[in-house]
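Rule-based calculations on the coordinates, nothing more; no lab input. Just so it is clear, the structure is predicted and the values come from calculations on it, not from any experiment. Note: ideal-geometry Cβ built from the backbone for every residue, glycine included; neighbour counts use all protein chains shown.
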């Protein structure tokens, strides 16, 4: 049983060794220039940074982004379900797997309708 995990452990050791040796070699062999205010300032396409450091985004932007992630994850769960659905139909478990996904999609439909009712997807407000 433990023999099955040896390749995974070996890959973790090699990855950690490569990452740490790369960092160590860059510190030991790399050149470092003296630090000053100009070197520590932000580089913005060759222009000096003037004004606020970052423009403010509307909360609507983040709300739409979160809704996109939620409904994108729905598709991630539905794709494997659609792939194995035919196999479950052959085994006689078709209604069970269908209604479980229908419940999942129903909950997300309620969430989508709630977001529409609250105006979360309206850019005019």
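Separation of region 60-125 and region 12-45 by C-alpha centroid, Å? Region 60-125 and region 12-45 have Cα centres separated by 44 Å.
A straight chain from residue 71 to residue 122 at 0.36 nm per residue would run longer than the Cα-Cα distance by 16.7 nm. Between residue 3 and residue 91, the simple label model (points 7 Å from Cα in the Cβ direction) yields a spacing of 2.9 nm.
Expressed as a fraction of 2.2 N^0.38 Å, the C-alpha radius of gyration for region 59-118 is 1.40. Subtracting the Cα-Cα distance of residue 19 and residue 108 from their residue separation scaled by 0.36 nm leaves 27.9 nm. Work out the P(r) tail for the chain: percent of alpha carbon pairs separated by more than 26 Å, whole number. So the pairs more than 26 Å apart make up 66 percent of the total in the chain.
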